[in-house]
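The values are calculated or read from the model by the stated rules, or taken from the named source; none is laboratory data. Everything numeric here is computed off the predicted structure, so don't read it as measured data. Cβ sites come from the backbone with ideal geometry, for glycine too, and all protein chains shown count toward neighbours.
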Amino acid sequence: MGNLKFKAIVAGSALLILVFAAAVGAQHRNRSQFRRELAGNFGIRQFVRSLELSIEQREAIRAILQANKPQIAAARENLLRARIALFNEEADAPGDFGAAQARIMELRRAIADQIESELTPEQLAALQDRQRNRMDILNRRLQRFRELGAN
């Protein structure tokens, strides 16, 4: 009788673990799906392919990214330090975190401006169209959150 109880407990535990794993997996897939949707599968390779960059443009963009690599690394490290300080509830943490985020945004904008200067008017229009699509996706997601909060 004791062996039967043990087997039932093990089977129930295994079932619980499977259900939990399935739920976590589904949540992960939804998050991954959102990231893909938000990014529009927009990695560097897709960026190059979607805009049909010339070899010269690819080299120029690669040089831009390479030239900004040290500043990007420093800004990321600063943001990580600010996150740690925020987690540790240090006094200046909120201000440091905001400043670090602002620095990242400044760098992104500066790099984007440099890259955009290498694009043709048609490529720039295609890029701006893609950016509008990304904003539409974000706005729809925000609307869904608002609707969930209202319920």
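Take the residues in segment 68-84 that are exposed (fewer than 12 other Cβ atoms within 10 Å of the Cβ) and under 19 Å from I115 (Cα atoms); name whichever of them is farthest from the chain's Cα centre (by Cα).
My answer is P70.
I'm checking my understanding of the structure. Among residues of segment 85-109 that are surrounded by 13 or more Cβ atoms within 10 Å (Cβ to Cβ) and among the aliphatic types (A, V, I, L, M), which one is nearest to I61 (Cα to Cα)?
Ranking the candidates gives L107 first.
Suppose we filter Q114, Q131 for residues that are in contact (Cβ under 8 Å) with a residue 12 or more places away in the chain, in the same structural domain as L53 (by TED's automatic domain parsing) and not β-branched (V, I, T); which single one remains?
When all the criteria are applied, what remains is Q114.
Restricting to helices (runs of 4 or more DSSP H) lying wholly in segment 1-106: which have 3 or more residues that are modelled with pLDDT under 55 and either in contact with an Asp or Glu (Cβ under 9 Å, 6 or more places away or on another chain) or under 30 Å from Q123 (Cα atoms) (or both)?
Answer list for segment 1-106: 2-39.
Quick check on my filter: what residues within segment 111-130 are surrounded by fewer than 13 Cβ atoms within 10 Å (Cβ to Cβ) and either more than 24 Å from R76 (Cβ to Cβ) or not charged (D, E, K, R) (or both)?
S117, P121, E122, A125, Q128, D129
Kindly indicate whether L138 is farther than 13 Å from I64 by Cα, touching a residue at least 12 places away in the same chain (Cβ under 8 Å) and out of contact with any helix residue (DSSP H, G or I) (no Cβ under 6 Å at 6 or more places or on another chain).
So L138 passes the test.
Might you check whether a residue that is over 23 Å from S50 (Cβ atoms) and within 18 Å of the chain's Cα centre (by Cα) occurs anywhere in segment 120-130?
The answer is no, given that none of the residues of segment 120-130 is over 23 Å from S50 (Cβ atoms) and within 18 Å of the chain's Cα centre (by Cα).
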